[in-house]
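The values are calculated or read from the model by the stated rules, or taken from the named source; none is laboratory data. Remember, predicted model here, so these are calculated numbers, not experimental data. Cβ: placed from backbone, ideal geometry, glycine included. Neighbour counts: every protein chain shown.
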Amino acid sequence: MRSEVYRNTIPQKFTDPATLKMVNADLAMFQAYNDIITKLEFQIEDSMEVQDPVSYSIINSVPGLGFILSLTILYEIDDIHRFSDVGKFISYCRLVKCSHESAGKKKKVESDG
């Protein structure tokens, strides 16, 4: 919906006056929020100080990640060296199933499907 050309075609798809009024209200709210978010993103970008530009550059090179999500990931990770090995980092990211263990006894983990 970022494309203004596309947004302008949406109201044309509705003929009911009440529905059209709601669609136009929703589009106006979308535009207002989009403007606010865009301004905030520029302010963040202008005021940000990347402590680790190399890591930021690597994370930001992932397709689909913009600068806000790249910064979020970078700040969440903090110091990558705090993880003793890759497995600990992957677990922190919740990319692996946790083992269910209690008092040294491992419980069988049921598969999701």
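Listed values, structure above:
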quantity: Counted residues, the stretch 65-96 - those being of a type in the set (A, V, I, L, M) and loosely packed, with under 12 Cβ neighbours inside 10 Å; calculated: 4
quantity: Residues of the stretch 73-90 satisfying the condition of being of a type in the set (D, E, K, R) and under 11 Å from S55 (Cβ atoms); calculated: D78, D79
quantity: Qualifying residue in the stretch 27-43 (condition: free of Cβ contacts under 8 Å to residues at least 40 places away in the same chain, surrounded by 10 or more Cβ atoms within 10 Å (Cβ to Cβ) and in contact with a Pro (Cβ under 9 Å, 6 or more places away or on another chain)); calculated: yes
quantity: F14 vs. criteria touching a helix residue (DSSP H, G or I) at 6+ places or on another chain (Cβ under 9 Å), under 19 Å from G66 (Cβ atoms), surrounded by 10 or more Cβ atoms within 10 Å (Cβ to Cβ) and not charged (D, E, K, R); calculated: no
quantity: Residue in the stretch 34-41 that is closer than 30 Å to E4 by Cα and at pLDDT below 90 present; calculated: yes
quantity: Helices (runs of 4 or more DSSP H) (entirely within the stretch 1-106) containing at least 1 residues that are over 20 Å from the mean Cα position of the chain (by Cα) and of a type in the set (S, T, N, Q); calculated: 4-9, 17-47
quantity: Test for F42: is it of a type in the set (F, W, Y), touching a helix residue (DSSP H, G or I) at 6+ places or on another chain (Cβ under 9 Å) and more than 21 Å from D79 (Cα to Cα); calculated: no
